[in-house]
Amino acid sequence: MSYADQVFIQNCQDILSRGVWDTDREVRPRWEDGAPAHTIKKFGIVNRYDLQEEFPILTLRRTYWKTAVDELLWIWQKKSNNIHDLSSHIWDAWADESGSIGKAYGYQLAVKHQYPEGEFDQVDRVLYDLKHNPASRRIMTNIYVHQDLHEMNLYPCAYSMTFNVTQKKGEDRLTLNAILNQRSQDVLAANNWNVVQYAVLVHMLAQVCDMNVGELVHVIADAHIYDRHVDAIKELISREPFPAPKFWLNPEIKDFYQFTPDDVKLEGYQTGEQIRDIPIAI
């Protein structure tokens, strides 16, 4: 069993057995037929993944990791808010006629800010600090910008990354760790998707900054299972998992902006059957 499977199963069991339903309240999300999309949720889930030990991807069902990496690079590398810069259609429901999702996600990472060393956007500031000031406790990004929320077609779910550099005893190289903060997560549709994305990001940043990869800590304020997902979740966590695959990142890439989804590979990724046609609440 992969560690990601173990964590996912524990999280789902915890939500289903100890979670709280919101069926007695008005909710914003709706199903395609207009019905309210209610959830059972758990507050404050924290998961830790040691990226040196194992790549955290589900084997209970296939995570489309290439598409996940493409979306990650759309946000962090292209710093785009337009679906025409994205290979998949996962953002189509939130895009306007021009393809824009408003001042969300990549848009915020592209905004330049003034620092003592000059102007940087958030991604370039992270890269600068990791290379020039790795002992800093201020290496972070935040895309939940209140003044722009009214112009976002969807408020950011995974909204903040905090990076922290350590050094293991006896090792010359530094180790890059990170915390992903997420205000809300649809466990069936997005849980492992987000974990895979930000695990890849930590690997990429560690490589271009000549560091070892360390831990990814995932903090979810509201981890929820939608009412129409409960049966699928129960079936999914009853499956027999497989061992984790081996992660490979193209060692020739030394510039974060040169990575493509083809520079990431998973060797021996064996999975259970995919769950088709998962309804998505919007």
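The values are calculated or read from the model by the stated rules, or taken from the named source; none is laboratory data. Just so we're clear, the structure is a prediction, and the values are computed from it rather than from any experiment. Reconstructed Cβ throughout: ideal geometry from the backbone, glycine too, with neighbour counts over all protein chains shown.
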ask   = Which number in (1) within 12 Å of the chain's Cα centre (by Cα); (2) surrounded by fewer than 18 Cβ atoms within 10 Å (Cβ to Cβ); (3) among the hydroxyl-bearing types (Ser, Thr, Tyr) marks the one condition that residue 198 misses?
value = (2)
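When residues of segment 195-241 are filtered for being polar (S, T, N, Q) and free of Cβ contacts under 8 Å to residues at least 40 places away in the same chain, how many remain?
Within segment 195-241, residues that are polar (S, T, N, Q) and free of Cβ contacts under 8 Å to residues at least 40 places away in the same chain number 1.
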query = Filter segment 72-100 for residues that are in a loop (DSSP other than H, G, I, E, B) and among the small types (Gly, Ala, Ser); which is surrounded by the fewest Cβ atoms within 10 Å (Cβ to Cβ)?
reply = 98
remark   = Taking segment 205-221 and keeping residues surrounded by fewer than 23 Cβ atoms within 10 Å (Cβ to Cβ) and touching a helix residue (DSSP H, G or I) at 6+ places or on another chain (Cβ under 6 Å) leaves 208, 209, 213
query = Just to be sure, is residue 69 crowded, with 19+ Cβ neighbours inside 10 Å and either of a type in the set (Val, Ile, Thr) or in contact with a helix residue (DSSP H, G or I) (Cβ under 7 Å, 6 or more places away or on another chain) (or both)?
reply = yes
note = Note on segment 32-60: residues in contact (Cβ under 8 Å) with a residue 24 or more places away in the chain, out of contact with any strand residue (DSSP E or B) (no Cβ under 8 Å at 6 or more places or on another chain) and surrounded by fewer than 16 Cβ atoms within 10 Å (Cβ to Cβ) are 32, 53
All positions within segment 224-270 that are over 30 Å from residue 207 (Cβ atoms) and touching a strand residue (DSSP E or B) at 6+ places or on another chain (Cβ under 6 Å) = 224, 225, 226, 233
note = Those residues of segment 258-282 that are part of a strand (DSSP E or B), surrounded by 15 or more Cβ atoms within 10 Å (Cβ to Cβ) and touching a Pro at 6+ places or on another chain (Cβ under 7 Å) come to a total of 1
inquiry  = Please count how many residues of segment 155-169 are assigned to a loop (DSSP other than H, G, I, E, B) and either under 17 Å from residue 136 (Cα atoms) or at pLDDT below 95 (or both).
reply    = 3
message = Could you check segment 170-205 and list, in sequence order, the residues that are of a type outside the set (Val, Ile, Thr) and farther than 25 Å from residue 138 by Cβ?
response = 170, 184, 185, 186, 188, 189, 190, 191, 192, 193
